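Asker: Please see the structure below; I have some questions.
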Amino acid sequence: MIWTLEGHYSYVKSVSYSPDGRFIASGSDDSTVKIWDAETGRPVKTLEGHTKGVTSLSYSPDGRFIASGSYDSTVKIWEVKSGRFIWTRKGQDCVNSVSYSPDGMFIASGSANTTKIWDAETGRSVKILEGHTSSVISVAYSHDGRFIASGSTDNTIKVWLIVHEIEFDQNATINSESKDDQIIKGEAYIESLCAVTKYSEAYSTLIKEWKKDGFSIESIFSLYYFKIKDLVNKSEIIGIYPLLLDTLEGHTKSVTSVSYSPGGRFIASGSGDSTVKIWDAETGRPVKTLEGHTDCVTSVSYSPDGRFIASASWDNTVKIWEAKTGEIIKTLEGHTRGVTSVSYSPDGRFIASGSGDNTVQIWEPETGKPVKTLEGHTDRVTSVSYSPDGMFIASASWDNTVKIWMIIPEIEFDQDASIVSESKDEQIDQEQRLPNIASLIDRNDFPGAYKLIITSLAHGETNISADLYHHLDILRTKGTATGTRCVKSLSILEGHTAPITAVSFSPESNYIASASSDKTIRVWDVKTGDTAITLEGHTSYVTCVTYSPKGQIIASGSGDGDGDVILWESTTGKTVKTLKRNASEITTLTFSPDGHILCSGGMDNNVRLWEIETDNPPKTLKGLKGEVSSVSFSKDGNLLAIGTKNQVLLLDIEKGKIVKALSGQGEVTAVCFSPDSHFLAASYNNSKLLLWDYEAGKPEKEFTGHVGAVASIAFSPCGKYIVSGGMDRTVRLWNITDGKTIETLEGHKDKVNSVSYSPDGRFIASGGNDNTVRLWLIVPELEFKQ
């Protein structure tokens, strides 16, 4: 156990980690919400305003707000940073459950017999979902935000389709000659019915008939052509329209818990009738009934890959079910009283459960064996939650406390390795820490010793002294440690007085250039974090910056007058040349691999190629459809990728012709060739990040995780990873092999505008609207060299 969070004066009923894992929110029967620092365990804020116990909490996806529900019949929205409440809205009865939509725009709350949808910003009641005949005790959004599932003491689950505003051409006609075109248009018209209010009954009929066996898109289109057209022409556009798709009936007692599968295809529900049911989220049909518990099922949780379901019950057990077959894989026995809560770790390797026996158990679902029993609570544990990185578990209890537990997985060491530090200074520095490490090990404080060792391995160096290796070996055999790849915040570079628009590493990785709306470029020393040079000369905001391949020149573009590009000596900051033949604001710059050509793109829809060693006018590619957001040269310099409004264009430099257009994915924000030029990455303002096989003209892989526009992307030098920054204030590191997020780097307080990977692969730089440049250290897996 790391901390016991004490401060509540009555039962703690709800606990939740913030999306970035830095804070923990707890709701109590003492009518307060408390925010705690997850790293230190200290209370940060107490949110006071409810007049009765707090029943439910939900963080907004960006972590800036908390929604709370209470026995006092209100939903309150709090600003996390200031602790002030933004708005309060009163329902009909006790608010049992609150949940933010994945995009953060709406909040769903369950109270009395209804589910209410609120505008998260204004608190306006958007819709009341009526249909339950008894109290709604659980609400959950699907992962894509299109559906809400509500569970009730009337023994049913209802699934609601949430359709946001859709714009369509009311005068459109359908005269398709092609059957394929007819199908596509038919789908579009049926989807557009999501916006109707007066004709919702007809729409509901269409959808239900569409689902019947034997009905195809073509038959629905032909049968309902005139009805569809009439509905579209007469419909009203509104902001949000909920439609009750299905009532999931089958449980014989109260529904206590509902959970969407990760892909959103299925819903699992737990009930007082001792069963778990799996439902098809699209059709509402029951898929499986999981029988095996002998008492009320209190909690259900899908594994991150959706293959398994964990269920907790008052019969003192946790059961693991195979979602596809409904078979019991494992029964986890060890609790001596009812199990109240169950949660999978983010990687799916472990399960945490809380119980009326006052303990938290950690289980290995693959073997069914208990890994650890966490003891310390003096009353019933009501809720357990993993932190997003899986390193911590928060548990809430009737003993009025929240406890934070540190979970440290295992490291694999080479027992036969003989490790001697190559650097004498490094070895001495490490050995100075040995007494503290040895002391912690002697006291059996293995997490403390591990944490001290790991945090002391600076800058990813893995050659360590033999004595320090000896202590690591003790941890391997007696304690615990970890060997996962991670990224750590190294430093925050402050000095700009306006948003950072672009960042770029020098070829030697020892400097970072940052462009800002404060009209300056700063060059930062990576080692010290200090400003080495400030480049002043632009008369307006600086929009982009880049180093030449040899590092001798820094190029910057701005919104000056007609859009100036200035070339600077990187070591002295002296102006080398100003390129003035642009017609509008410069948006992007990049050097050719040989450094002879500088490419600029601008708001005038043109791309210019400058021979920087001559005074020749630039070659200009004119007439692009939309402003140029980004440019990138291939490894050999023969191709130039151009990001424009709705497509990525590939320009053959020698021929001066566009040879490929990659379209249909949205407004392009950034493009980047992989180091070997086998792939092209492109980001979009609709949260997409795609890896293109540009020769075939099709996307190879999609990376999903950002909320909102992805503003900037960069490949790692080895080509195995992509880093991205976006509107959601996060920097993400991706594995291009499987498309999965390796790390989500949070810390920026506003939009991230630019990211850059250092050429040596050890650092990431990011710049944002919070006026800071952040430097992140890439910590590789612990590989001990012989």
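Just so you know, all these numbers are worked out from the coordinates, no wet-lab data involved. Treat the numbers as computed from the prediction; the structure is a model and nothing was measured. Heads up, the Cβs are rebuilt from the backbone with ideal geometry, glycines too, and the neighbour counts pull from every protein chain shown.
Asker: Does a label point 7 Å from the Cα of residue 638, set along Cα-to-beta-carbon, have any residues of segment 686-707 with amide nitrogen under 14 Å, and which are they?
Answerer: Hits in segment 686-707 for residue 638 at 14 Å: 695.
Asker: Another question, then. With +1 on each Lys and Arg Cβ and -1 on each Asp and Glu Cβ, and nothing else charged, work out how big the dipole of segment 513-611 is about its Cα centre, in Debye to the nearest 20.
Answerer: For this selection, approximately 180 debye.
Asker: A follow-up question, please. I need the phi-derived Karplus couplings for segment 531-537: 6.51 cos²θ - 1.76 cosθ + 1.60, θ = phi - 60°, integer Hz, Gly and Pro marked x.
Answerer: Each residue's phi maps through the Karplus curve to give 6, 7, 9, 10, 9, 10, x Hz.
Asker: I would also like to ask the following. Any idea how far apart residue 552 and residue 569 come out in nm if each label point goes 7 Å out from Cα toward Cβ?
Answerer: Reported label-point gap for residue 552 and residue 569 is 1.2 nm.
Asker: Which value results for Rg/Rh of segment 683-740 when Rg is the Cα radius of gyration and Rh the Kirkwood radius based on the inverse mean 1/r?
Answerer: Value, to two decimals: 0.95.
Asker: Run the Debye formula on the Cα coordinates of segment 487-779, all scatterers equal and no solvent, and tell me log10 I(q)/I(0) at q = 0.16 1/Å.
Answerer: Taken in order of the listed q values, log10 I(q)/I(0) reads -1.31.
Asker: Still on this structure, please answer the following. Residue 87 to residue 366: extension gain in nm, 0.36 nm per residue of separation minus the Cα-Cα distance?
Answerer: Extra length available between residue 87 and residue 366 comes to 95.9 nm.
Asker: A further question on this structure: Which order do the peptides 319-325, 40-46 come out in when sorted by mean C-beta neighbours inside 10 angstrom, highest first?
Answerer: Going by the mean number of other Cβ atoms within 10 Å, highest first, we get 319-325, 40-46.
Asker: Rounded to the nearest 0.05, what FRET efficiency do residue 695 and residue 613 have when you use their Cβ-Cβ distance and R0 = 35 Å?
Answerer: 0.60
Asker: Here is a follow-up. Measuring from centroid to centroid over Cα atoms, what is the spacing of segment 1-60 and segment 722-738 in Å?
Answerer: That distance is 30 Å.
Asker: Then there's this: Quick check: pseudo-label points 7 Å beyond the Cα along Cα→Cβ at residue 280 and residue 530, how many nm apart are they?
Answerer: My value for the distance between the label points is 6.9 nm.
Asker: Moving on to the next point. Could you pull out every residue, at least 5 positions away or on a different chain, whose amide H is within less than 5 Å of the one on residue 670? Hs are placed 1.01 Å off N in the peptide plane, and Pro or chain starts have none.
Answerer: Under 5 Å from the amide H of residue 670 lie the amide H atoms of 683, each far enough along the sequence or on another chain.
Asker: Which of rounded, prolate, oblate describes segment 596-707, given a ≥ b ≥ c as roots of the alpha-carbon gyration tensor eigenvalues and a/c under 1.5 marking rounded, otherwise prolate only if a/b is larger than b/c?
Answerer: prolate
Asker: Between residue 578 and residue 659, what's the calculated FRET efficiency when r is the beta-carbon distance and R0 is 35 Å? Round to 0.05.
Answerer: E between residue 578 and residue 659, to the nearest 0.05, is 0.60.
Asker: Specify the inter-centroid distance of segment 616-673 and segment 528-607, based on alpha-carbon positions, in whole Å.
Answerer: The distance from the Cα centre of segment 616-673 to that of segment 528-607 comes to 19 Å.
Asker: Continuing with this model, one more query. Pull out the extension gain between residue 134 and residue 349, defined as 0.36 nm times the separation in residues minus the alpha carbon to alpha carbon distance; nm, one decimal.
Answerer: 73.7 nm
Asker: While we're looking at this one, here's another question. Ranked highest first by average number of other Cβ atoms within 10 Å, how do 709-719, 286-296 line up?
Answerer: Going by the mean number of other Cβ atoms within 10 Å, highest first, we get 709-719, 286-296.
Asker: Would you mind ranking 505, 85 by Cβ crowding within 10 Å, fewest neighbours first?
Answerer: 85, 505
Asker: On a full-extension model of 0.36 nm per residue, what is the gain between residue 378 and residue 676, subtracting their alpha-carbon distance, rounded to one decimal in nm?
Answerer: 101.4 nm
Asker: Jot down the radius of gyration and Dmax of segment 356-400, Cα atoms only, both in angstrom.
Answerer: Cα-based Rg and Dmax for segment 356-400 come out at 11.2, 34 Å.
Asker: Let me have the relative contact order for segment 672-732, percent, based on Cα pairs under 8 Å that are six or more residues apart.
Answerer: Worked out over segment 672-732, it gives 28 percent.
Asker: Follow-up. Just grab the label-to-label distance for residue 265 and residue 22, each label 7 Å out from Cα along the Cβ direction, in nm (one decimal).
Answerer: Here the modelled spin labels are 3.8 nm apart.
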